[in-house]
Number of protein chains: 2
Amino acid sequence: MERIPILKVGEFLLVSIQVDMHDRLVLSLQDDLTAQVVVSRAKGVLIDISALDMVDSFIGRMLGNMAAMTRALGAETVVVGMQPAVAITIVELGLVLTDVRTAINVDKGMALLQNLLNESSVIDSHEFHEK
Amino acid sequence: MERIPILKVGEFLLVSIQVDMHDRLVLSLQDDLTAQVVVSRAKGVLIDISALDMVDSFIGRMLGNMAAMTRALGAETVVVGMQPAVAITIVELGLVLTDVRTAINVDKGMALLQNLLNESSVIDSHEFHEK
């Protein structure tokens, strides 16, 4: 079972991280996720970390990298379900989750992604009118 | 990380099974799932098994039990993401997934649950008119 499933839920992709992440698993997740963003033309990615009791700089960097990769492909990433203890650790360790948006749960994360999509479509239509 | 997260997605609950299920984990998942169905008043449960390369009679019974438990609480269960090899094994082993509905992926599973909900609301309104 050394593969993290990527679930298509409506317009978005959902990844639930439940197992300890090691280097090879992170690499295969990055490969799978970027491929799925392209194939499914998803506009947003939700990464659920509610099963994680702790984070370290490795996980923090992984989340930041995946957000940057999906953004390069035109999709936004929202990390959802962070446990209070994890939020405390992130601040105490001074981890910087660059470019990583968060939401309390999947529903709120989807609403956030939908808002971001609506905003960007407004910007797109403005740009269109300016031409 | 010995807990399987249960994600609320709109009206439904989504459980993605990624780790080897042992007795204690199954029991805690059953507790959590039934509690969440009650708390969130979810009308449907999606169990994603796309990360499972194989099933045995234990997993088959677990899926059947969870479907029966959630049905007792008024929610339908759909198992999604079954791999072809798993479907073959189920038939070859003669496993009977009683009361377990299946769909190819989360989107189709949600559509199936939505259909079941609409059907049951039609029945409800018929019953209402008969009174």
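The values are calculated or read from the model by the stated rules, or taken from the named source; none is laboratory data. These figures come from a predicted structure and were not determined experimentally. Cβ coordinates were reconstructed from backbone atoms using ideal geometry, including for glycine residues, and neighbour counts include every protein chain displayed.
Brief remarks on what is shown
- Complete set of residues in segment A:81-97 that are in contact with a strand residue (DSSP E or B) (Cβ under 8 Å, 6 or more places away or on another chain) and away from chain B (no Cβ under 14 Å): A:LEU97
- Residue match in segment A:72-79 (condition: under 23 Å from B:ILE17 (Cα atoms), surrounded by fewer than 18 Cβ atoms within 10 Å (Cβ to Cβ) and within 14 Å of chain B (Cβ to nearest Cβ)): no
- Annotation note: Cβ proximity below 6 Å between a residue of segment A:40-67 that is within 22 Å of A:ALA111 (Cβ to Cβ) and a residue that is of a type in the set (Ser, Thr, Tyr) (sequence gap 6+ or interchain) occurs for A:VAL45/A:THR70; A:VAL45/A:THR77; A:ASP48/A:SER16; A:ALA67/A:THR77.
- On the stretch given as segment A:23-38, residues that are surrounded by fewer than 16 Cβ atoms within 10 Å (Cβ to Cβ) and away from chain B (no Cβ under 13 Å) total 7.
- Candidate set from segment A:10-39 (those that are under 22 Å from A:ALA111 (Cα atoms) and not in a helix (DSSP H, G or I)); member that is farthest from the chain's Cα centre (by Cα): A:GLY10
- Of all residues in segment A:117-128, none satisfies being charged (D, E, K, R), within 14 Å of chain B (Cβ to nearest Cβ) and out of contact with any Asp or Glu (no Cβ under 7 Å at 6 or more places or on another chain).
- Filter result for B:ALA111 (of a type in the set (A, V, I, L, M) and more than 22 Å from B:ILE4 (Cβ to Cβ)): yes
- Positions within segment B:48-100 being modelled with pLDDT under 90, part of a loop (DSSP other than H, G, I, E, B) and not charged (D, E, K, R), in sequence order: B:MET54, B:VAL55, B:GLY94, B:LEU95, B:VAL96, B:LEU97, B:THR98, B:VAL100
- Among the residues making up segment A:39-52, those that are of a type outside the set (Gly, Ala, Ser), farther than 13 Å from A:VAL100 by Cβ and surrounded by 13 or more Cβ atoms within 10 Å (Cβ to Cβ) are A:LYS43, A:ASP48, A:LEU52.
- Selection over segment A:1-17 of residues that are out of contact with any Gly (no Cβ under 8 Å at 6 or more places or on another chain) and either more than 9 Å from every other protein chain (Cβ to nearest Cβ) or under 12 Å from B:GLN18 (Cβ atoms) (or both) gives a count of 8.
- Exclusive hit being facing chain B (nearest Cβ under 9 Å), farther than 26 Å from B:SER40 by Cβ and without any contact (Cβ under 8 Å) to a residue 24 or more places away in the chain, set A:ASP20, A:ASP107: A:ASP20
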